[in-house]
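The values are calculated or read from the model by the stated rules, or taken from the named source; none is laboratory data. As the structure is a computational prediction, the values presented were derived from the model and not from experiment. Using ideal geometry, Cβ is built from the backbone for each residue, glycine included, and neighbour counts are taken over all protein chains shown. These area figures cover heavy atoms from the full protein model, side chains too; ligands, DNA and RNA do not enter into them. Shrake-Rupley method; radii C 1.70, N 1.55, O 1.52, S 1.80 Å.
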Amino acid sequence: MSQPKATKKPAIFFVAKEREPLFSKKNRGLLKDPLDDNNPITVQVLGICSALAITVQLKPAVVMTLSVIAVMAASNVIVSLLRNAIPNRIRIIVQLVVVASMVILVDQVLRAYAYDVSKQLSIFIGLIITNCIVMGRLEAFALGNGVWKSFLDGVGNAAGYGFMLILVAFFRELLGSGKLYGYQVIPDALYEMGYENNGLMLLSPMALITLGLIIWVQRARNRKLIEKN
Amino acid sequence: MNRDSNGYTFGFAAAMVLVVASVLAFTASSLKDLQGENVRKEKMQNILSTIGIETDRDGAEVLFNQYITEQLALKNDGSVDEQVNAFSDVKLAFELKKEASQQRFPLYVANVEAAQYYIIPLRGSGLWDAIWGYIALDQDKNTIVGAVFDHKGETAGLGAEITQQWFMNRFVGEKIFDTTGALVGIAVSKTNNDPNDIDKDDHEVDAISGATITGDGVSAMIVERLQHYLPYLKAEPAKLAYNN
């Protein structure tokens, strides 16, 4: 398993080196790795709780993805900016406060300018605070890396999380309600022939099973993920 | 500076709390008007949709003023409290915490093409949090012509389905009084053996599987709220039609 290159002792390494291009190979890796090799959900098994809760339909999953991207990118940047000032003993509290205020900001802005979307998400927005991935990336990455890298890491991990969310939601909505994004895709003719939506797909256990199947497929495809023992 | 000293830690925490609090307070108060406006228009939109008038949020205000002819705040005995504006002064979330005798019960009377409808706001609890809605009664003050439900935090795909049109449509045509004139409301039933809700005299609609507690909340909310309107609804019994 390739862990993210987090250096726990920052600051000292913050010496002016030759400038790295904005999208160097390493930086692209920060964006790309979480999508597959180091996916927060399927590889690190973080953020499972919300993956079960909001994958019944595609629409909330998509909006949740966008919100998590915004929150993670912003809080990674803020914590990275403050990383040399945050007292070590209360760093978790500081991270929590940063994430919580970002979440409240997103919620307030959505309520004023995108009321329908904010109604769609209702409690889930608040649940971003409890998302293990957000705190995990702050602690493991943003505290020890520069602003731009932390930004990429935040966007990458949120996208990796969202990718799985959307994938699971795709199967659950399709098989559970015969719809995609709220639109019916399974033709009426099929229902007349006796096809039934699988109500079990709407319940949480099937989210876990779907996720398990996705992990299976991913590991069969991506040899790097197979543990040797 | 020593980042591990107590003084620095306390100082940092205090500064952080101040900054965060002022940023959030500033955002909340500067967006408050916009948010309140959204909520107000949505309420109008919901009330209108119970009597079959669909509109977007921006068009709601004009149509609301056009069709809703009376906005009454009823007292417990069915008389009208003239001091209170039903739409803007009565917040059911707060009213529900009071004694029934202290509450004001909002009622909207709509006139659409000579037909008169009575719209009653509902509020109760679902599985996770509050559920609410509006129910519109026909001229006979008995038959439901439309219902709208909404919720704060019911499970998406299960309890949250009460906001779906197909669920709300099931209430249309059902009656709230039985043949003897007693209030029975509408039960969200798992055993009514009438999945398409063809039987409109059973005071039952088909429940949503996986949403038992939300459904029970809807049934309870309807009876609980409607009972307070009995003095008003029964005020002119001659007009009531019990022969369902």
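What the table below lists for this structure:
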item	result
Prolate/oblate/rounded call for chain B, Cα gyration tensor, a/c under 1.5 rounded	prolate
Cross-link table B:K91/B:K141; B:K75/B:K200; B:K41/B:K75; B:K97/B:K234; B:K141/B:K200, entries beyond 21 Å C-alpha to C-alpha	B:K91/B:K141; B:K75/B:K200; B:K41/B:K75; B:K97/B:K234
At least 10 Å² accessible surface lost relative to isolated chain, residues of the stretch B:146-161 (1.4 Å probe)	B:D150, B:K152, B:G153, B:A156, B:G157, B:L158, B:E161
Between 0 and 90°, nearest 10: helix A:204-221 axis offset from chain A longest Cα axis	70
Hits among aspartates and glutamates - C-alpha to C-alpha of A:K25 under 20 Å, sequence gap 8 or more where chains match	A:D33, A:D36, A:D37, A:D153
Percent accessible area from carbon and sulfur atoms, the stretch A:181-229, protein chains only, probe 1.4 Å	64
Accessible surface of the stretch B:70-233 [probe 1.4 Å, protein heavy atoms]: carbon and sulfur percent	49
The stretch B:91-164 and the stretch B:190-213: distance between their alpha carbon centers, rounded to Å	19
Per residue accessible area in Å² of the stretch B:70-233, where ligands, DNA and RNA are left out and the probe is 1.4 Å	42
5 angstrom amide H check on B:Q116, placed H, neighbours 5+ away	B:Q139
Packing-based order for B:171-184, A:138-151, B:15-28, using average beta carbon neighbours within 10 Å, highest first	A:138-151, B:171-184, B:15-28
Reach of B:K43 by Cα under 14 Å, taken over aspartates and glutamates that are not fewer than 8 positions away in the same chain	A:D116, B:E54, B:D56, B:D58, B:E61, B:D89, B:D150
Accessible surface buried upon A-B contact (total; probe 1.4 Å; Å², nearest 100)	2500
Proximal lysines relative to A:K59, as straight alpha-carbon distance under 17 Å, when same-chain residues fewer than 8 apart are discounted	A:K119, A:K179
